[in-house]
Amino acid sequence: MKKYFALLLISIISVGAFAQSKLKAGTWRGVLMPAAGGELPFNFEVKDTAGRQQLTIFNAGERFKVKDIRAKGDSVFIHMPLFDSEFKLQHKANTLTGNWIRHLGNRDAVIPFTAQYNVKWRFFEKPATPAYQITGRWSAIFGEGAERDTTVGEFVQKGNRVTGTFLTTTGDYRYLEGTLSGKKLYLSCFDGGHAFLFTATLSDAKTMADGLFGTTSWTAVKNPKAQLPDAYSLTVLKPEYKKIEFSFPDLNGQKVSLNDARFKNKVVILQIMGSWCPNCMDETAYLVNYYKKYHKKGVEVLGLAYERSAEFELARKAVLQEKSHFNVPYPLLLTGYTNNKKETAKSLPMLSNFLAFPTTIIIDKKGDVRKIYTGFSGPGTGIHYTEFANGFERLTDNLLAEK
């Protein structure tokens, strides 16, 4: 009888501990507190699905789902499905406190985090009446001197709510969402890999200044004609080359080369990427569907992964996570080089002016490089994503039609 009572007591304690840890279903407001200062907020929703909890992060039109949630006592562990990051939190009633941890190969970056249950606003519960309407295209400059970077901002404002993104020559800042309160603009995005916080003050309807992106200053001027250089013009082959050559192992350790039989007389799309890169993930999602449409027509896709660690097993683990998340049907190779751009240039010496992850190389049926596309305009860029996809498929059709 005593033994039965002890087992029953343990069972009651275990159930009680689980009930304490289980997150309340509904909307939460999370806040990251980076060392640069300020608060980086985002909203997420918790749902109970088939006896398990699932978390969905909101960024404008994006819904980023997270299924790996574990609870023990008053502790909650949330492992992000991409980018090798996680939350380690303490759960008390309607609050979460702890850290977001990014694993960066040889070190961890730790950022304090809190969350409050049943809070649906992002930056302000009651923002001030917006002083201006900022919908439209903006010419923006980030940083100064050698670090100066020209970008294009595109925003849609409805009341106080602002959504949009910044496009750069190396990609975009994905789904930004925020608030215009009076003359002050606040934008944020969190996707498990990168945490973006932008602030700026509007001096009039056409000028943003005194802005901060982390510790980087930025300014912007409304300009409906603002545009970036042609992404097909930035990275090129050196004059003495026509082809790309390499031999890297796949996830099973088998060496793969463009000289292999499967690539002969095929149009080949070579994706230079990394599992740590949000723009690369947007491109991977696109290429998975592209591959399903074009593989049977004579197209092969091949990913070259440049990871935070050059160590095979560590890199393999990170890339397998991406492959599983997107159900990638094409081969992903481990280059043995890190995500440093100089390392990439060293591994592919035929490239001139390598600038960005991702970079996409389009190869014709003779094995010659025909185009190189720098960066990627993801779905957060709206019409730019559609224009890229349409142009990319037209180019593919033309190459397939060549004899």
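The values are calculated or read from the model by the stated rules, or taken from the named source; none is laboratory data. Since the structure is predicted, the reported quantities are computational estimates derived from the model, not experimental observations. We place every Cβ from the backbone using ideal geometry, glycine too, and count neighbours over all the protein chains shown. The protein model used for the area step is the full one, side chains on, heavy atoms only, and it has no ligands, DNA or RNA in it. Shrake-Rupley method; radii C 1.70, N 1.55, O 1.52, S 1.80 Å.
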- Task: Could you pull out every residue, at least 5 positions away or on a different chain, whose amide H is within less than 5 Å of the one on Val267? Hs are placed 1.01 Å off N in the peptide plane, and Pro or chain starts have none.
- Result: Glu300
- Heavy-atom surface of segment 310-403, accessible at 1.4 Å and reported per residue (Å²): 46 Å²
- Task: Report the FRET efficiency, 1/(1 + (r/R0)^6), for Lys24 and Ala209, where r is their Cβ-Cβ distance and R0 is 51 Å, rounded to 0.05.
- Result: 0.80
- Note on the structure: Scalar couplings 3J(HN,Hα) for segment 304-317 by Karplus 6.51 cos²θ - 1.76 cosθ + 1.60 (θ = phi - 60°), nearest whole Hz, x for Gly and Pro, are 10, 9, 10, 9, 5, 10, 7, 5, 4, 5, 5, 5, 4, 4
- Would you mind computing, in nm to one decimal, how far apart the modelled labels at Asn252 and Ser324 are, each placed 7 Å from Cα along Cα→Cβ? 1.9 nm
- Query: Expressed as an acute angle from 0 to 90° and rounded to the nearest 10, what is the orientation of the C-alpha long axis of helix 2-21 relative to the principal long axis of the chain?
  - Reply: 60 degrees
- Task: Just give me a number: lysine pairs in segment 182-241, eight or more positions apart or cross-chain, with C-alpha atoms less than 25 Å apart.
- Result: 8
- Note on the structure: Expressed per residue, the solvent accessible area of segment 93-168 in Å² (1.4 Å probe) is about 54 Å²
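If you wrap a convex hull around the C-alpha atoms of the chain and split its volume per residue, what is the figure in Å³?
Spelled out: Cα convex hull of the chain, divided by residues, is 172 Å³.
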- Send over a whole-number figure in Å² for the accessible area per residue of segment 215-304, probe 1.4 Å. 49 Å²
- Task: Can you tell me the FRET efficiency between Ala389 and Glu311 if r is taken as the Cβ-Cβ distance and R0 is 30 Å, rounded to the nearest 0.05?
- Result: 0.30
- May I have the pair-distance distribution P(r) for segment 84-241, computed from all Cα-Cα distances with 10 Å bins from 0 and rounded to whole percent? 9, 32, 30, 21, 7, 1, 0
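Give, in nm to one decimal, the length gained when the segment between Tyr241 and Thr219 is fully stretched (0.36 nm per residue of separation minus the Cα-Cα distance).
Fully extending the segment from Tyr241 to Thr219 adds 3.9 nm.
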- Task: Could you list which residues have their amide H under 5 Å from that of Val256, counting only those 5 or more apart in sequence or on another chain, with H placed in the peptide plane?
- Result: Phe248, Asp250
- Give me the log10 of I(q) over I(0) for segment 329-386 at q = 0.20, 0.24 Å⁻¹, as the Debye formula computes it from C-alpha points; what are the numbers? -0.98, -1.16
- Task: Within segment 352-378, which residues have the backbone N less than 15 Å from the label spot 7 Å out from Asn259 along Cα→beta-carbon, could you tell me?
- Result: 367
- Rounded to the nearest 10 degrees, the helix 278-294 long axis (Cα) sits at an angle to the longest Cα principal axis of the chain of 60 degrees
- Query: Going by average Cβ neighbours within 10 Å, how do the peptides 158-166, 94-102 rank, with the highest at the top?
  - Reply: 158-166, 94-102
- Query: Within the accessible area of the chain, what % is carbon and sulfur when the probe is 1.4 Å and the other protein chains stay in place?
  - Reply: 52 percent
- Quotient of C-alpha Rg and 2.2 N^0.38 Å, computed over segment 153-224: 1.05
- Pairs of lysine residues in segment 289-384 - Cα separation under 22 Å, sequence separation of 8 or more or cross-chain: 18
- Query: Ordered by residue, what ³J(HN,Hα) values in Hz, to whole numbers, does segment 339-344 give under the Karplus form 6.51 cos²θ - 1.76 cosθ + 1.60, where θ = phi - 60° and Gly and Pro are x?
  - Reply: 7, 6, 4, 5, 5, 4
- Query: Counting only protein chains, not ligands or nucleic acids, how are Arg308, Arg370 ordered by accessible area (probe 1.4 Å), most first?
  - Reply: Arg370, Arg308
- Message: Let me check I've understood the local charge: for Trp276, count other residues with C-beta under 11 angstrom from its C-beta, Lys and Arg +1, Asp and Glu -1. What total comes out?
- Response: -1
